[in-house]
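No lab work stands behind these numbers, since they all come straight from the coordinates. This one's a predicted model, so the numbers in the text were calculated from it and none came from an experiment. Here the Cβ is made from the backbone with ideal geometry for all residues, glycine too, and neighbour counts use every protein chain on show.
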Amino acid sequence: MSRRGPSKADQKAARKRDRAESRARESAEWDEQMVLEPGELRALLAHLGAELPAAGCGHSLALTRAWAAAHGEDWARLQPSLAHFGGSCDCEVLANVDPATRVDTWARY
Ligand SMILES: [Zn+2]
């Protein structure tokens, strides 16, 4: 008699392993690609959330760049970092970078 695939317990263990692996990948990607500290990224996203509704997105990173200048962030490092996580204009930074980096799941910060 042959077994029909993995048991429920095996499937559960595999799902747990997959989640742990994907968290580890996200963590490594953050370490490699994100130049902001989580607190700084949260501050940037809060700034964009406050400014974008009134200013609108000019399909540029004007608001993000102004924030970087005001906070002494090196734009030459920050811009490609945000672009890596899908932020190539102000509204995309707000929409994409948070879910891509999952900064809100980083309880240790
Ligand atoms: Zn935009």
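Computed quantities for the displayed model
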| read-out | value |
| --- | --- |
| Highest average packing first - 20-32, 47-59, 63-75, Cβ atoms within 10 Å | 63-75, 47-59, 20-32 |
| 222 nm mean residue ellipticity, helices alone, for the chain (DSSP H n ≥ 4; -39,500 (n - 2.57); rounded to 500) | -19500 deg cm²/dmol |
| Cysteines in the chain that, by Cβ-Cβ distance, have no pairing candidate under 4.7 Å | C89 |
| Signed unit charges on C-beta, dipole axis of the chain, positive-most listed residue A76, A100, Q33 | A100 |
